[in-house]
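This report refers to the structure that appears directly beneath it.
The values are calculated or read from the model by the stated rules, or taken from the named source; none is laboratory data. On a predicted model such as this, the values are computed, not experimentally measured, just so you know. Every residue, glycine among them, receives a Cβ derived from its backbone with ideal geometry; neighbour counts consider all protein chains shown. Ligands, DNA and RNA are excluded from the accessible area calculation, which covers all protein heavy atoms including side chains. Shrake-Rupley method; radii C 1.70, N 1.55, O 1.52, S 1.80 Å.
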Amino acid sequence: MNTSPCHRELFRHVSADKAAFYRAIMEVFAAAKRQFRPYLRPDEVLREAAWPNDPPALEEVRAALAQLVEWGNLESQPDTARVASIDDFYLARFLYRLSHGGEAVESALAAFAQALGRRGELQSVALEDIHARLEALIALAADSAPDDAKVHEVLRDLVRVFEDLAENAQAFMAGIVRSVEIQQAEAQAVVGFKKRLIDYLERFIGDLVSRSGAIAQRIKALDSRIDALLWQAANREARDIAPGDVLEQAGALQARVDAWRERWRGLRLWFVSDGHGPAQAEALRAKARAAIPQLLAAIAAVNERRSGRSDRSADFRVLARWFADCGDDGQAHRLARAAFALNPARHLSLLAATEVPATTPWADAPAVAIHPRLREYGTAAVRGTAPKVTNRDAGRAALARLAAAEHRQVEAARARLATGTVCRLSELGRLDPHEFDLFLAVLGEALASQSSPDETVARTTSDGLLHIRLEPLGEASHAVIETDLGVFSGRDHRITITPEGNAGPSHVSSPSSGDGLRQVSNA
């Protein structure tokens, strides 16, 4: 077998003079590998390749194969299957296959082409799949002896679906405005594209709001049992570790466990906040919402570029009419200064006593002496010891006090609203700004998951901290909530906000039971 040269040689065929010819050969070997055909003969390559021009001669194919062997993309070995005589044995016939480096190059080129042409998607179906696989994990964790194969399969599918969701969402949000700017259709087509895209965003945001809370709740339910499941998956993968030193095998097993823990941590941070910032799902939701005004601004710019061509001659004719309408020369001079930015001279003076009026022409103004250091270094300050470092302890302490005060205000608002008791919106009374912000946040999440104004809603907030139940009352009912910002009013509801640790089962009861979270209509 031929040995592989420097890694740079593996990519020589991509930039060689006959790059298309070499790529046609390599694509045949990549297809053969996918078809589980380990070796190819030169005549098979000649027959199967999609040549850029007319099919070459067999000798030209053999020369190209030998060159690819030299670069390390292919490996060769003597072909003895077709030997029928001594003379045939001495003829140079070879079988060829992809080398290890050649396989790596083909995989890299395929991944590059796929990433370059990839269009991001916001996968609502992936949220449903993640929810279903978390349910399956919870069921497996409840077994006294869960099956290793089932645990490994569910975890592997969960990671694959989550990775697709995260990568597609990142690619979509990165290119959303760019995809609008490259639209070169008529204005009507651009407007149609805008409507479809905004509907697409709103549908995904609705699915994300309705499912992220349930996903976060199931992830938290697995916190105490997930490590054992991750060890099971890692142990099953470790069965295929090649025999070797005992310490090496133990290290390989630990590496697999650490990899599974890292994947689970990434999944958890996507839907459950770690206390240092919002969860990634919440950040994606905010970014998707912010993309809608950006999208509208981009479309406005596209329309302006299409229809708003500047006519310089028409501008000058309008300006000429303005000059003709001036009552005297003073007005004409002011208009000229505004239109052509003709402003008086501004003279540099280092001392107030030497200030030069703005009416003085540049040629008549006195010269200003410039220090050589200012001319050479751009500053007149003499170099010396560096100034002392400013002590910021007082500022940091003040910021810490402000943060602590804000935290206390938020906790106080949560303590007032998240009592776990049923009340009507009309009975909440006056809310301070922090209480009103919390109220609007949980109310908005509940309304987002409501399919009709008369439906009773029960769900967990996207941060997984609160459980809200909202039950509408009669259409004629009315609730008024006074705040420092004004009056919030609308249809009255029964509402129950409970800290997630104390939340009961998410069932829907009749209005008379007093157990329901109420859904408010926006006014």
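Observations
- Complete set of residues in region 248-276 that are closer than 18 Å to LEU465 by Cα and of a type outside the set (A, V, I, L, M): ARG268, TRP270, PHE271, SER273, ASP274, GLY275, HIS276
- Every pair of residues 6+ apart whose Cβ atoms lie under 9 Å, when the first sits in region 21-43 and is under 17 Å from GLN77 (Cβ atoms) and open to solvent by less than 50 Å² (accessible area, probe 1.4 Å) while the second is in a helix (DSSP H, G or I) and among the aromatic types (Phe, Trp, Tyr): LEU40/PHE29
- Matching residues, region 5-19, being under 36 Å from the mean Cα position of the chain (by Cα), open to solvent by 60 Å² or more (accessible area, probe 1.4 Å) and not charged (D, E, K, R): HIS7, PHE11, VAL14, SER15
- Hey, ALA113 under 30 Å from GLU9 (Cβ atoms), modelled with pLDDT under 85 and open to solvent by 70 Å² or more (accessible area, probe 1.4 Å) or not: no
- The one condition from (1) farther than 30 Å from GLY486 by Cα; (2) of a type outside the set (Phe, Trp, Tyr); (3) open to solvent by less than 90 Å² (accessible area, probe 1.4 Å) that ARG375 does not meet is (3).
- Residues considered: ALA301, ALA281. Of these, the only one that is under 25 Å from LEU208 (Cβ atoms) and at pLDDT below 80 is ALA281.
- Selection from region 407-434 of residues that are surrounded by 15 or more Cβ atoms within 10 Å (Cβ to Cβ) and of a type in the set (A, V, I, L, M): ALA413, LEU417, ALA418, VAL422, LEU425, LEU428, LEU431
- Taken over region 427-461, the residue count meeting the criterion of being out of contact with any Leu (no Cβ under 8 Å at 6 or more places or on another chain), within 14 Å of LEU208 (Cα to Cα) and assigned to a loop (DSSP other than H, G, I, E, B) is 2.
- If you filter region 457-474 down to residues that are open to solvent by 30 Å² or more (accessible area, probe 1.4 Å) and at pLDDT 85 or above, you find that the one that is farthest from the chain's Cα centre (by Cα) is GLY474.
- Looking across ARG156, ARG119, one residue alone is open to solvent by 80 Å² or more (accessible area, probe 1.4 Å) and at pLDDT 70 or above. It is ARG156.
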